[in-house]
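Since the structure comes first, as structure tokens, the remarks are kept for the end.
No lab work stands behind these numbers, since they all come straight from the coordinates. All figures in this text were calculated on a predicted structure; none of them were measured in a lab. All Cβ positions, glycine included, derive from the backbone under ideal geometry; neighbour counts span all protein chains shown.
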Amino acid sequence: MNKITQLFNIKYPIIQGGMIWSSGYKLASAVSNAGGLGLIGAGSMYPEVLREHIQKCKRATDKPFGVNIPMLYPNIEEIMNIVVDEGVKIVFTSAGNPKTWTSFLKSKGITVVHVVSSSIFALKAQKAGVDAIVAEGFEAGGHNGREETTTLTLIPMVKEKIQIPIIAAGGIATGRGMLAVMILGADGVQVGSRFAASLESSSHHNFKQKILDLKEGDTQLTLKELAPVRLVKNKFYEDVQDLYRKCPSKEDLAQLLGRARAKKGMFEGDLEEGELEIGQIAGLIHEILPAEKIIHQMITDFEAACQEKTKFEF
Ligand SMILES: Cc1cc2nc3c(=O)[nH]c(=O)nc-3n(C[C@H](O)[C@H](O)[C@H](O)COP(=O)(O)O)c2cc1C
């Protein structure tokens, strides 16, 4: 048992990050059934779609699972009420102020975790009363901090500042990566990109296949003026770079991004015109695997790495 397995009542301190267009109930329940913590990504779901996924997840697993809610969500109040109504026990909030919803969720007996990308926001989240934080480095897929702090530097800096449990995210896809961040002070890990390319991920097959083809340097953090996001360097990304050369306003960027780019790329499989969110660790993902196998490989690798102490003697 460690702080994270105890907090969520799970076997392994591995959390599958909530991911728009990737983490529906199939992925979340598969991860939870395998001993990790699965999260349904509410960010790309209409409220009633989220309710359906929660209900299906409850039928697909008797293990704990949670919901990830980006707080910029337009129907945020409705979403929060559905989560309470459906008896969800664990909520991960992101992209917003942790003060806004933490006390409401805690008053309903829900365990609350907030995602941050700096030690300043980690402190704010601790002050807001969350049970744990996810500290997410610059390598991560999806939206990210403007400061570009890497996981390797972020975790020990956050550890220096806060007392609540820390879940490290960004660039972790192996047991060795997991051990590294735990040595730096994390109590568990949140893994996104590796699970985006899992069998149960709801992403389009084209996107999953694209992840396998990516190499070092094939992603970049961009659109900092809107909400910084790490993207695959495809045609859409190049269109964004072309626009940057014309010194665009925030409105110009928002117009190019439009409304359904992420859906087009990750869910409908348009690899050119769509927005493809993935982390730097994609360069280490070579196979689409079932979630259970991913967790099994991570734990086997973690345990093997723990046995290699003599390697560190000098
Ligand atoms: C396709 C994709 C979609 C994501 N969507 C969300 C989201 O909706 N909410 C959120 O808090 N994080 C989101 N993330 C971030 C993940 O939850 C996780 O923290 C991150 O992927 C960890 O870094 P890694 O990609 O290096 O594993 C997303 C990541 C990816 C790859």
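Partners of K210 within straight-line reach, counting aspartates and glutamates whose Cα lies under 17 Å from its Cα and excluding those fewer than 8 residues away in the same chain: E200, D218, E238, E268, D270, E272, E273, E275, E277, E287.
Going by C-beta contacts inside 10 Å, put K124, K26 in order with the fewest on the left. Mind showing how you got there, number by number?
Numbers: K124 17, K26 20.
Ascending number of Cβ neighbours within 10 Å: K124, K26.
Ordering E160, E200, E78 by the number of other Cβ atoms within 10 Å of each residue's own Cβ, fewest first, gives E160, E78, E200.
At 4 °C and 1.567 mPa s, what whole-number value in µm²/s does Stokes-Einstein give for the translational diffusion of the chain, with Rh from the Kirkwood sum over Cα pairs?
Working: Rh = 19.4 Å.
For these conditions, the coefficient is 67 µm²/s.
Within the straight-line cut-off of under 20 Å between alpha carbons, the aspartates and glutamates reachable from K124 are E136, E147, E148, E160, D187, sequence neighbours fewer than 8 places apart in one chain being disregarded. Which of the pairs K58/K89; K224/K246; K127/K224; K127/K161 have their Cα atoms more than 18 Å apart in this structure? Pairs exceeding the cut-off: K127/K224.
Percent relative contact order of the stretch 214-281, based on C-alpha pairs within less than 8 angstrom and at least six residues apart? Don't skip to the end; give the middle numbers.
Numbers: 81 pairs, mean separation 24.4, N = 68.
With pairs under 8 Å counted, the relative contact order is 36 percent.
Which FRET efficiency value, to the nearest 0.05, do you get for E77 and E287 by plugging their Cβ-Cβ distance into 1/(1 + (r/R0)^6) with R0 = 41 Å? Mind showing how you got there, number by number?
Numbers: r = 41 Å, r/R0 = 1.00.
Step by step, r from the Cβ atoms, then E = 0.50.
Helical content alone sets the calculated 222 nm signal of the chain at -11500 deg cm²/dmol, taking -39,500 (n - 2.57) per DSSP H segment of four or more residues and averaging over every residue.
Residue order for Y237, Y12, fewest other beta carbons within 10 angstrom first, comes to Y237, Y12.
Roughly speaking, what is the stretch gain from D242 to K99, that is 0.36 nm per residue apart minus the C-alpha to C-alpha distance, in nm to one decimal?
Values: separation 143, 0.36 × 143 = 51.48 nm, distance 3.80 nm.
Length gained between D242 and K99: 47.7 nm.
At R0 = 41 Å, how high is the FRET efficiency between Q307 and T150 if r is their beta carbon distance? Nearest 0.05 is fine.
Details: r = 27 Å, r/R0 = 0.67.
Efficiency, rounded to the nearest 0.05: 0.90.
Stretching the chain fully between F314 and R59 yields a gain of 86.6 nm (0.36 nm per residue, less the alpha carbon separation).
Only Cα pairs under 8 Å and 6+ residues apart enter the sum, and on that basis the relative contact order of the stretch 199-314 stands at 35 percent.
Applied to the stretch 216-230, the Karplus parametrisation 6.51 cos²θ - 1.76 cosθ + 1.60 on θ = phi - 60° returns per-residue 3J(HN,Hα) values of 3, x, 8, 10, 8, 7, 9, 6, 4, 5, 9, 8, x, 9, 8 Hz, with x for Gly and Pro.
Between L256 and N2, what length comes free when the chain is fully extended (0.36 nm per residue of separation minus the Cα-Cα distance, one decimal in nm)?
My answer for the length gained is 86.9 nm.
The stretch 1-50 and the stretch 186-264 have Cα centres lying 22 Å from one another.
Summary value for the chain: 17 percent relative contact order, contacts being C-alpha pairs under 8 angstrom separated by 6+ residues.
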